[in-house]
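J.: Quick one: this structure, given as structure tokens, is what I'll be asking you about.
The values are calculated or read from the model by the stated rules, or taken from the named source; none is laboratory data. Computed from a predicted model, the values in this text were never measured in an experiment. Don't worry about glycine lacking a Cβ; one is built from the backbone with ideal geometry, like all the others, and counts go over all protein chains shown.
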Amino acid sequence: MANGLAAGQDDLDPSWIAAQGISAMSVLSSSLELPAVGASQGPAHGFALGGPRTILRLEGAAALAASVAGYAAVGGGWGMFALLFLAPDLSMLGYLGGPRLGAAAYNLGHSYASPAILAACGLGLAQPQLLPLALIWCAHIGFDRLLGFGLKYADAFGHTHLGLARKAKVGA
């Protein structure tokens, strides 16, 4: 029970969710209304549960597989892949400037839009060397999503769009 969960229990268990002070109504109501600008985006405001969370994680697996296949197809070197695979996690250094800056930097480094822009620049500017970099970046994001690491809310590192990170559950 080191992570705050009983043996065999996961974070989708309604009893665990209730113990965190998150009611089904708060999750449902938060999905039906837009929060005010500047409002807290904590765990009761828009994280995925159950089937949708599983689908998002499976999409991460698909993105990882497609990115690795694409990387192989463009003939990228596997040494470079291994060297750069964790590079997007350098965006976590933003947390040295506080949670708001940290979440913004992390989300910039872990949104599919960023490597998509890099790939578009590579194709549009006839710079094909950018495409393998974009594919490594997409593979990293897919891997993170598969493991359940989502985009961060500004109130705490452990509050993500895929639920509460395990570290956040320990302190909860």
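So that you can scan it fast, the table gives a plain yes or no per residue for (1) closer than 22 Å to Ala154 by Cα; (2) in contact with a Gly (Cβ under 7 Å, 6 or more places away or on another chain):
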position	(1), (2)
Ala63	no, yes
Ala73	no, no
Phe85	no, no
Tyr95	yes, yes
Gly98	yes, no
Tyr106	yes, yes
Tyr112	yes, no
Leu123	no, no
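J.: Within region 135-146, identify whether any single residue is in contact with a Cys (Cβ under 7 Å, 6 or more places away or on another chain) and either within 17 Å of Ala48 (Cβ to Cβ) or at pLDDT below 95 (or both), and answer yes or no.
T.: Looking through region 135-146, none of the residues is in contact with a Cys (Cβ under 7 Å, 6 or more places away or on another chain) and either within 17 Å of Ala48 (Cβ to Cβ) or at pLDDT below 95 (or both).
J.: Further, regarding this structure: Determine if region 69-89 includes at least one residue that is farther than 27 Å from Phe47 by Cα and buried (at least 20 other Cβ atoms within 10 Å of the Cβ).
T.: Yes: region 69-89 contains one or more residues that are farther than 27 Å from Phe47 by Cα and buried (at least 20 other Cβ atoms within 10 Å of the Cβ).
J.: A further question on this structure: Among the helices (runs of 4 or more DSSP H) confined wholly to region 67-172, which include 1 or more residues that are among the polar types (S, T, N, Q) and without any contact (Cβ under 8 Å) to a residue 24 or more places away in the chain?
T.: 113-124
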